[in-house]
1. Lys and Arg at +1, Asp and Glu at -1: add these up for the other residues within a Cβ distance under 12 Å of V420 and post the number.
2. Over segment 415-492, what is the mean sequence separation of C-alpha contacts under 8 Å (at least six apart), divided by residue count, expressed as relative contact order in percent?
3. Given the Cα-Cα distance of I166 and E496 and 0.36 nm per residue of separation, how much length would full extension add, in nm?
4. What is the ratio of the Cα radius of gyration of segment 116-157 to 2.2 N^0.38 Å, where N is its residue count, to two decimals?
5. Rounded to two decimals, what is the ratio between the C-alpha radius of gyration of segment 347-433 and 2.2 N^0.38 Å?
6. Any idea how far apart N481 and M434 come out in nm if each label point goes 7 Å out from Cα toward Cβ?
7. Which translational diffusion coefficient, to the nearest whole µm²/s, is obtained for segment 415-492 from the Stokes-Einstein equation, given a Kirkwood hydrodynamic radius over C-alpha pairs, 37 °C and 0.692 mPa s?
8. Report, in cubic angstrom per residue, the convex hull volume of the C-alpha atoms of segment 349-497.
Amino acid sequence: MKKIAIIGRPNVGKSSLFNRLVKKRDAITSDIAGTTRDVKRRHVVIVDKEALLLDTGGLDQGCELFDKIKEKSLEAAHKADIILFMVDGKSIPEDNDKKLFYELQTLGKEVALVVNKIDNDKLKDNLWDFYEFGTDAIFGISVSHNRSVNALLEWIYDRLPDEDIIKAQEEEEDDVNVVEEDESEYDFDDAAEFDEEEEDDNFFYTDEDEEEEEFTDDSIFAQNDKIKEYNPEDANHIKISIIGRTNVGKSSLLNALLGEERSVVSSVAGTTIDPIDESIEYKDKQLTFVDTAGLRRRGKIVGIEKFALMRTKEMLENSNMALVVLDASEPFLDLDEKIAGLVDSNRLACIIVLNKWDIANREDYDKIIQEVRDRFKFLAYAPIITLSAKSHRRVDKLFDMILEINDNYTQHIKTSELNVVLERALIRHQLPSMRGQVIRIYYATQYETRPPKIAIIMNKPRGLHFTYRRYLTNKLREAFNFSGTPVLFKAKKRGEK
């Protein structure tokens, strides 16, 4: 499959073109330089030929972060088969652009000069200035106004081999995005996604104390019903989000897991903006890791970071598991707890990762572990692993932990086995009465996985107090391996759906 890389300076419309070709707002776009930092990859179909499309960061320099972004972008260009070199048609050609364009031509790749922002007929005259680049493969387009993109698509199509033609039924798959010549009307704007008025003020964290949740009959399941549905066919596909506050080493951990420098890593807080996902095969399972943006308190969120946070929330809603990354070399913060709360609210399987263990005070191991357990009581089911993403020490241990926890997350306990545990629990500790009324539990049955959900059939569902739920949960964890996964209960009457 051919690789197509979109290359160019910041703010020339690379991510907008990427979104146009994948037919959805996948990459974050804004008028702020440096919005795209990592290389984003998506499969796309041009008419009927499949290709891998790469959206790269702007070719700028001047600080550690932008130098690394440029390095990653050029690396993507060297690995690509087709290069779309984008420039801003509203400005005059720059010597640095010409120099880089000539260098790319020497790589022996198919290189097109894409002059974006030719939004009207008057701006077409600007296109003549760019013939100084000395190429016939020049296309004046407007991504935001959907002008003259067809000619570019035809040029790309002619350079994709016939063996990459996909069958009709494959074009209908969700993970393949078809771009046809008769393009639909798509109103794109480079800065359209960056709209401060659309911020969800309730999404991220405040310093206000939250009231403890009262667990009524349906309180857990009212939240959980909105979470993604589990498809048994996806049992071998595990989606894992890597979350944590800024500069705890999430991108370094992704790179260590993949064995390659996939994400840009720098000392600049908030380096990762757009979530980056990458899949690998391990023991016949597909593991998709998602490096999410580092999270901050709402008062410290600036500019495009608000969109990064919204994307992180979306990724968590579509994940099965989370790696909560903590910096073991620094004191834990209240923000760490609130971030971990996102795992609890999305009912995800979880592993707590104590990163930077190579520079932590390892003599205080027991003290650190106890502090984690005290602070993150709502993740008491999550195992803890100490590692160093930078040196790759113990990172390999994560893979088998992920598979084990996924087995726990997807397991289905037989009704007979559940009721043996339930009967023993009732004998050991009877249900308290409710206002003088006797509360009876008839039986329990598991009705869903990812996470395991268990229905408790009883005469008065409101009589199942949250403390007794906790008691039953502990008894189930003693009897079955639910390490790394939440266990949810639903109190129901007989015959109730």
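1. +1
2. Numbers: 94 pairs, mean separation 25.3, N = 78.
It comes to 32 percent, rounded to a whole number.
3. Gain in length upon complete extension: 114.1 nm.
4. Ratio of Rg to 2.2 N^0.38 Å for segment 116-157: 1.14.
5. Values: Rg = 18.0 Å, N = 87, 2.2 N^0.38 = 12.0 Å.
Cα-based Rg divided by the globular estimate yields 1.50.
6. Using points 7 Å along Cα→Cβ, the separation is 3.6 nm.
7. 257
8. Once divided by residue count, the hull of segment 349-497 is 125 Å³.
No value in this document is a laboratory result; all are computed from the given coordinates. Keep in mind that this is a model prediction, so the values were computed, not measured. Don't worry about glycine lacking a Cβ; one is built from the backbone with ideal geometry, like all the others, and counts go over all protein chains shown.
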